[in-house]
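Below is one structure, written out as structure tokens, with a few remarks after it.
We did not get these values from a lab; they are worked out from the coordinates using the rules stated. Quantities reported herein were computed from a predicted structural model and do not represent experimental measurements. Counting neighbours? That spans all protein chains shown, and the Cβs are built from the backbone with ideal geometry, glycine included.
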Amino acid sequence: MTKDKVDILIHGGPVLTLDVEDHSYENGAVAVRGERIVDVGPADEVKARVDAGETKTLDARGAVIMPGLVNAHSHVAMTIFRGIMDDVPLEKWLDRIWELELAYATAENVRAGTELAFAEMIRGGVTAVSDMYWHRDVTTEVAVEVGFRLHDGPAFIDFEGPDGIKPENRLRLAREYIERYQDHPLIALGVQAHSTYSVPQELLDQCRMLMEAYDIPFVTHASESATEVKTVQEKFGKTPIELLDDLELLTPNTLLAHGVHLRDDEIELLAERGSTVVHCPESNLKLGSGVACVPEMLAAGVNVGLGTDGAASNNDLDMWGEMRTAALLHKGVREDPTVVPSLDVLRMATSGSAKAMGLADEIGSLETGKRADIILVDLDSLHATPVYDLGSHLVYAANKGDVRTVLINGRLVMRDRELLTLNETRVKNAVRKARAEIAS
Ligand SMILES: [Zn+2]
């Protein structure tokens, strides 16, 4: 029998696949060829099947091999505004942030903020992000350079934003962007509108048209705060969810960020439509927006992803902190330790988020045929000793500092805590320079 040649063989530790059947292997291995996983299973079986002759081997002793975390909602370049506006409500926060963006969300600053965000996320074991921000061409260029998986796409608004795109040119440029990146291995596409209260309905119709024409996800913020729901109800006589459904924008290809203020019948509707809610608990807590009904959503069968939101409302891009908050928050609020168990949280941060970005078949678990977005997480630190249950351990004890090695699309982007595609000092200096401009 001829054996398959592979490029990278990862072995020496347990493998947590987070696939639908929750396979895990105490002494496992994952084989990668090119951009994809070609084998996963018990180490002796994988080694017997692959030709490891000239293969690069990654030693995972003392670590767990698992899928990269997927941050399903962020405004990546907002790292430049980290900590600029804290302890105020969403509406006041947004007014100030929009002012700041018009002045400072330049292409140069977006590049600096994006590079820092990707470095921060790679260090924290995040291998993909869904972004909504200005200058998406810059963000996309950086993602391609760094080797980071990006879900992005044109955003519709009826004014000229800091990216200088005139409203009459948005549709043409949207099509150009989509067609340019349609087959890119690292770029997943979407079409975006900030929210139902900030974007006119004719532009939401354009979003639907593009979503259908290109079969890509529609992304929006929905029912984030009680004030938002009230504003939309006063304006249109409907809640954001009702309005989106009337516009035929609730589909299996819909990513709704937040979903904090949902009625029970709206949760049922989202389950029926197959839409995703991306839970952003820390941003919701920090802005005092409320606590999303995640136990009800999970019980109803709504797909739930997990996101950090932007660094100006969190204030970091740490998916480990987000997972732990998501796991703890609902237990405390409900006085019920059985809700939102650790495995559900891991699924939100991997396959749930992957589905939200239209990448259910590509990432979110370690399976043969999927893209090789893989992380090695140390189990050797004091706070991580001992381990009884890997899932519980990763959610309740591990943290971003435990991430040792990161592969995205089959490429090593961090090895033994050394970033391989970004210069950390340069990245920090560029953001400090932006800070000096913004603070002056
Ligand atoms: Zn957001």
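The table below gives the values:
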{"item": "Count of residues meeting criterion [hydrophobic (A, V, I, L, M, F, W, C) and buried (at least 21 other Cβ atoms within 10 Å of the Cβ)] in region 147-164", "result": "4"}
{"item": "Test set (1) within 16 Å of the ligand (Cβ to nearest atom); (2) without any contact (Cβ under 8 Å) to a residue 60 or more places away in the chain; (3) surrounded by 18 or more Cβ atoms within 10 Å (Cβ to Cβ); (4) among the hydrophobic types (A, V, I, L, M, F, W, C) - residue 77 fails condition number", "result": "(2)"}
{"item": "Residues (surrounded by 19 or more Cβ atoms within 10 Å (Cβ to Cβ), under 19 Å from residue 42 (Cβ atoms) and touching a helix residue (DSSP H, G or I) at 6+ places or on another chain (Cβ under 8 Å)) located in region 369-390", "result": "379"}
{"item": "Members of region 109-168 found to be hydroxyl-bearing (Ser, Thr, Tyr) and either under 24 Å from residue 208 (Cα atoms) or in contact with a His (Cβ under 6 Å, 6 or more places away or on another chain) (or both), listed by number", "result": "130, 133, 139, 140"}
{"item": "One residue from 110, 129, 191 being in contact with a Cys (Cβ under 6 Å, 6 or more places away or on another chain), aliphatic (A, V, I, L, M) and buried (at least 24 other Cβ atoms within 10 Å of the Cβ)", "result": "191"}
{"item": "Test: residue in region 158-168 that is within 16 Å of the ligand (Cβ to nearest atom) and in a loop (DSSP other than H, G, I, E, B)", "result": "yes"}
{"item": "Which listed residue is away from the ligand (no atom under 16 Å from the Cβ) and not in a helix (DSSP H, G or I), from 116, 58, 102, 150", "result": "58"}
{"item": "Candidate set from region 80-94 (those that are among the charged types (D, E, K, R) and either more than 15 Å from the ligand (Cβ to nearest atom) or part of a loop (DSSP other than H, G, I, E, B) (or both)); member that is surrounded by the fewest Cβ atoms within 10 Å (Cβ to Cβ)", "result": "87"}
{"item": "Residue count, region 311-343 (criterion: small (Gly, Ala, Ser) and within 15 Å of the ligand (Cβ to nearest atom))", "result": "3"}
{"item": "Residue list for region 230-285, restricted to those being within 16 Å of the ligand (Cβ to nearest atom), in a loop (DSSP other than H, G, I, E, B) and touching a residue at least 60 places away in the same chain (Cβ under 8 Å)", "result": "280"}
{"item": "Subset tally (residues that are within 14 Å of the ligand (Cβ to nearest atom) and either of a type in the set (Ser, Thr, Tyr) or touching a residue at least 40 places away in the same chain (Cβ under 8 Å) (or both)) for region 286-310", "result": "9"}
{"item": "Matching option when the condition is surrounded by 24 or more Cβ atoms within 10 Å (Cβ to Cβ), out of contact with any helix residue (DSSP H, G or I) (no Cβ under 6 Å at 6 or more places or on another chain), not small (Gly, Ala, Ser) and not in a helix (DSSP H, G or I), among 317, 394, 359, 366", "result": "366"}
{"item": "Options 177, 197; residue that is part of a loop (DSSP other than H, G, I, E, B) and of a type in the set (Ser, Thr, Tyr)", "result": "197"}
{"item": "Odd one out for residue 30, checked against (1) farther than 17 Å from residue 369 by Cβ; (2) among the β-branched types (Val, Ile, Thr); (3) in contact with a Leu (Cβ under 7 Å, 6 or more places away or on another chain)", "result": "(1)"}
{"item": "Condition met for residue 184 (within 19 Å of residue 136 (Cα to Cα), without any contact (Cβ under 8 Å) to a residue 60 or more places away in the chain, surrounded by fewer than 22 Cβ atoms within 10 Å (Cβ to Cβ) and of a type outside the set (Ser, Thr, Tyr))", "result": "yes"}
